[in-house]
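Every number here is computed from the coordinates shown, using simple stated rules; none is lab data. On a predicted model such as this, the values are computed, not experimentally measured, just so you know. Using ideal geometry, Cβ is built from the backbone for each residue, glycine included, and neighbour counts are taken over all protein chains shown.
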Amino acid sequence: MSCIGNILSVAADFNNDNQVDLIYICDFNSTQNMALLFANGNETFQEPIISYGSFNGLQHVLVADVNNDNRSDLIFMHRSESNYVFTILLENGNGTFQTQNMLSQVMREEPRQISVIDLNNDKKVDIVMILKDECNVYVMFGNGNAMFSPESILSVGVKCSLNEFVVGDVNNDSYFDIVVYDHRSLHIYVFFGQANETFESVKWFFTTIDAQISKIVIGDFDNDDQSDIGFIYIWKDLVYMIYQYNNNSFSVHEKTIIKSTQGLHSVNNLFKFHIQFGILNFNCLKIENK
């Protein structure tokens, strides 16, 4: 199957054979189609099965077990006429989905980012999202039956431009926290998770950097058993700053400048990096610690 335009993809075991399968969605003959490739177990895949093709304007595709039946369900965010729609396809366990019993909810605004994670350690998948042109983080707690609670709204104020968020346990209390970056105010906002599906009042700190290209991450970058917030940005060179939470406040724990041998214009075009187990790997760059 030849694709035209952007490709969305997710990987999971969709037919319960303990093999990781692949789903990808792309434009094909002026429509968006979902192709399912079952893994053979020897690093090859079977011929793609075009299993569903009625969504248009797909923007986000996620996979999670939303009804606790140990099957990989699909979550779509897509356009339907003038609306943005959040749709769940429940998986049958044999690589097919319940297209006749789709669960859908209309959103009032276009999502910028959406994530599925068990925020409150109740073994049920929850949803976190930010919308374009809004200054709120929206949380919907899962009920374990493919249904979700009404939106809990976490506000960062007014006149903002929320770029992205990450989820992790920043203060080591075994509850997941939500960290969101506001490009307009140059602040990073942190909502500490609590019991009973609640969050503490927002805490924030100022990054001081107006960078067009930036990224936030969470990880234990110095192996001290405490999660840090990493803020990576381009300003002439590439810089990453590590923030730690101690004594009820955030402070810069480490700052590293990565000198480039050529002008930096795009993270994707000029270099590739990833963060894994606290180690940053870079190509064709010189590292200078400050």
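So the values come out like this:
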read-out	value
Over 32 Å between alpha carbons, listed pairs 124/159; 123/159; 159/255; 123/203	124/159; 123/159
Stretchable slack from residue 110 to residue 184, in nm (0.36 nm times residue separation minus alpha-carbon distance)	24.8 nm
Efficiency of FRET from Cβ geometry, residue 143 and residue 206, R₀ 35 Å, rounded to 0.05	0.35
Phi-based couplings in Hz for the range 177-193 (Karplus 6.51, -1.76, 1.60; Gly and Pro marked x)	10, 10, 10, 10, 9, 9, 5, 6, 8, 6, 9, 10, 9, 10, 10, 7, x
Using alpha carbons only: equivalent-ellipsoid semi-axes of the range 103-179, gyration tensor based, whole Å	21, 18, 9
Fully extended contour minus Cα-Cα distance, from residue 101 to residue 226, at 0.36 nm per residue	40.7 nm
Other-chain or far-sequence residues with amide H under 5 Å of residue 185's (modelled H)	161
Long-range HN-HN contacts of residue 155 with modeled amide H, under 5 Å	137
Cα centroid separation - the range 74-108 against the range 126-199, whole Å	23 Å
Fully extended contour minus Cα-Cα distance, from residue 46 to residue 164, at 0.36 nm per residue	38.9 nm
Amide proton proximity set for residue 213, modelled H, under 5 Å, gap of 5+	234
